[in-house]
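What follows is a single structure, written as structure tokens, with notes after it.
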Amino acid sequence: MSRWTDHRVGQYRRMSHAFRAESAPAAPRFSVNKNAPLGEQAREIRANLENLGLGYSCLALYLSSRIDILPAEFCREFAFAADVSPPLPASEVQHTLEEEISAASKGTIADFSPDPIRSTLLTHSYAARLANGEQVVMTILRPECSGLRGGPEIPPSFDKGIVQEFCGSRVNDAVFYDFFSSLRRKCDFIGQLDTQQLMVQDAGSCELLRTRRIYRELCTSRIFTSAQVDGLPIDEVSRNHACNTDVLARNLCHVWLHQVLQGSAFVVDPLPHNISLVENGTLFTGCDFVGLSATTKENLWNYFMATMVDDPDRAAMYLLREMEPPKRATLDSETFRSKFRQSAYFGALEPLLGTNSNTLPQLIFQHWKTALEYGYRPMPDLLCFYRGLFSIARIAQRLCPFGDPLREGVEETRSDRIMGQVKEIVDWRYWFQNSDKFANALVSLPKIMDEALTRASAPSQSAPTLDDRSQAKRTSGTDITIIFVFAMVLLVVQSASTNPLTEKLVLLLVLLAGLMALRKFGD
């Protein structure tokens with residue numbers, strides 16, 4: 001059995017077989033004092049998992065985001081699991097480069113440093129210089145992780161029993177399946193290549209998102225090459241007080257929510273060392289990236305809006321659309337709705353999200369727990385969303401302990417959405433592509449709107465007198481007021497209904513009122 005030196009503590013540890021398909025010797029058993037406080041138990045379990053090897057350390061980091069199945073003390077402690085591993089031998093790195101990089105592309109690499117600039121549990125990153133002088137980072141997948149691609153869902157060498165002995169039976173097969181699915185996505189460099197190239201396009205619509213240039217010709221299934229970017233990890237920025245941490249927390253939530261609701265992909269398992277501040281923007285590296293369908297994005301957006309205006313019934317309706325119904329035949333829907341409305345106990349999350357029970361993450365967590373208690377189960381994409389949300393909320397809470405940066409991030413995202421709709425409206429291509437929708441919408445407007453628009457556009461039948469002009473101005477002013485008031489009514493309705501068509505009508509009516517006002521003053 002291969003052994004290696006743990007360069008963090010100077011001790012030897014057993015190499016993990018968790019990523020390999022072949023059977024491995026039984027893992028040694030460790031004892032945990034079940035009578036100790038939860039915080040002490042969590043520290044012992046984390047240390048034991050790290051001693052078992054790389055795969056179990058990855059599991060500890062994964063479980064740090066599963067606050068639905070583990071106590072908050074466990075999630076907080078597991079997040080401290082070190083995401084580091086010993087560097088690969090230089091000969092193995094050279095062999096990987098020769099095996100993976102084509103002969104045509106090798107000439108583009110002018111210089112390669114064999115000393116890694118970063119070694120994580122899954123990958124090693126090396127600095128290199130291309131023939132044209134550009135500085136790049138070449139990330140190489142660890143050899144053990146190659147077995148995850150196309151392998152069994154749970155490798156036979158992975159000891160589920162010892163994990164359940166530590167963490168309880170709630171860490172069941174479904175949890176292990178999701179854990180290894182997450183690992184496979186992170187080890188799928190070809191999939192990451194496509195995802196991150198889409199995120200480069202997202203950066204054009206989100207001024208806070210930063211991405212790296214990807215060198216496709218130097219990317220393979222085991223090597224990922226990107227431009228070198230100078231940035232500071234977010235935890236280092238916080239320690240050095242390099243910027244306003246309240247603003248930093250709000251911007252972090254804003255850019256993450258933008259990617260969830262409007263972008264191509266979002267990060268599922270961010271940790272402080274995965275987030276860097278680059279030119280006042282946010283760069284995510286070394287994370288699991290997942291994209292959502294348009295339907296899921298719309299349901300989550302409507303859920304956020306209903307939660308923000310304290311409409312639990314509507315929030316429950318949109319949330320349950322992304323969850324599997326309970327298997328049991330009978331479910332008292334009235335009792336469920338009553339419990340959902342009364343979601344108000346947040347003490348369980350205090351170790352992670354602080355004591356402020358009014359924050360948005362606390363309420364979202366309680367909604368989720370209520371649904372789980374009644375037998376609903378999140379679909380895979382929704383589970384990824386929750387893992388990412390609470391990981392981001394935990395980091396933001398450390399940056400801004402007394403605020404609610406997630407709620408502020410939702411407000412910023414809503415402003416972005418409205419501005420995007422305004423840009424769509426002033427674009428003639430939008431009107432051409434959606435002309436049938438606007439025609440139907442205008443037909444359904446109330447009669448008062450039709451009469452107001454008719455009066456405003458009807459030509460005069462005779463030369464107007466002075467009194468007629470005064471009356472016309474009063475009528476025009478009345479029409480403008482009617483349109484503006486009607487737009488405001490729709491805006492209030494939209495706040496509760498979050499209907500995309502209503503949003504377009506509000507903006508259309510406000511623009512129409514403004515144009516009529518300009519015409520009135522011009523006359």
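The values are calculated or read from the model by the stated rules, or taken from the named source; none is laboratory data. If you're wondering where the values come from, they're calculated on a predicted model, not measured in any experiment. Cβ atoms come from the backbone with ideal geometry, glycine included; neighbour counts cover every protein chain shown.
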Can you run down the residue pairs with Cβ atoms below 8 Å, 6 or more apart or on separate chains, where the first is in region 156-167 and surrounded by 15 or more Cβ atoms within 10 Å (Cβ to Cβ) and the partner is modelled with pLDDT of 90 or more and among the β-branched types (Val, Ile, Thr)?
-> 163/171; 164/171; 166/45; 167/45
Residue satisfying all of: in region 147-162; modelled with pLDDT of 80 or more and not in a helix (DSSP H, G or I); farthest from residue 173 (Cα to Cα) among these | 157
When residues of region 80-116 are filtered for being surrounded by 12 or more Cβ atoms within 10 Å (Cβ to Cβ), under 22 Å from residue 145 (Cα atoms) and small (Gly, Ala, Ser), how many remain?
-> 3
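Conditions tested, residue by residue: (1) surrounded by fewer than 17 Cβ atoms within 10 Å (Cβ to Cβ); (2) closer than 30 Å to residue 79 by Cβ.
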{"site": "265", "(1), (2)": "no, yes"}
{"site": "274", "(1), (2)": "no, yes"}
{"site": "285", "(1), (2)": "no, yes"}
{"site": "296", "(1), (2)": "no, yes"}
{"site": "304", "(1), (2)": "no, yes"}
{"site": "311", "(1), (2)": "no, no"}
{"site": "327", "(1), (2)": "yes, no"}
{"site": "337", "(1), (2)": "yes, no"}
Output for region 95-142, where each listed residue is assigned to a loop (DSSP other than H, G, I, E, B) and farther than 22 Å from residue 285 by Cα | 101, 102, 107, 108, 131, 132, 133
At least 3 residues that are at pLDDT below 85 in each: list the helices (runs of 4 or more DSSP H) lying fully within region 292-404 that qualify.
-> 333-341, 350-353
Return a yes/no flag: does region 286-294 have any residue that is closer than 22 Å to residue 239 by Cα and not hydrophobic (A, V, I, L, M, F, W, C).
-> yes
Select from region 225-239 the residues that are assigned to a helix (DSSP H, G or I), surrounded by fewer than 19 Cβ atoms within 10 Å (Cβ to Cβ) and within 23 Å of the chain's Cα centre (by Cα) and list them in ascending order.
-> 235, 236
Inter-residue pairs, beta-carbon under 8 Å, first in the same structural domain as residue 385 (by TED's automatic domain parsing) and in region 406-422, second modelled with pLDDT of 85 or more and basic (Lys, Arg), 6+ apart = 408/250; 409/250; 412/250
Is it the case that some residue within region 253-276 is assigned to a loop (DSSP other than H, G, I, E, B), more than 19 Å from residue 409 (Cβ to Cβ) and out of contact with any strand residue (DSSP E or B) (no Cβ under 9 Å at 6 or more places or on another chain)?
-> no
Of the candidates 77, 50, the one satisfying the condition of being charged (D, E, K, R), modelled with pLDDT of 90 or more and buried (at least 24 other Cβ atoms within 10 Å of the Cβ) is 77
Meets criteria (out of contact with any Asp or Glu (no Cβ under 8 Å at 6 or more places or on another chain) and surrounded by 19 or more Cβ atoms within 10 Å (Cβ to Cβ)) for residue 142 = yes
Out of (1) of a type outside the set (D, E, K, R); (2) in a helix (DSSP H, G or I); (3) at pLDDT below 85, the one residue 242 does not meet is (2)
Quick one: which residue in 119, 57 is farther than 30 Å from residue 377 by Cβ, surrounded by 17 or more Cβ atoms within 10 Å (Cβ to Cβ) and not assigned by TED's automatic domain parsing to the domain that holds residue 271?
-> 119
Filtered residues of region 282-334 (kept if of a type in the set (Phe, Trp, Tyr), more than 30 Å from residue 123 (Cα to Cα) and in contact (Cβ under 8 Å) with a residue 40 or more places away in the chain) | 301, 304
Consider only pairs whose beta carbons are under 7 Å apart and that are at least six residues apart or on different chains; among these, list those whose first residue lies in region 216-241 and is basic (Lys, Arg) and whose second residue is not in a helix (DSSP H, G or I).
-> 222/140; 222/141
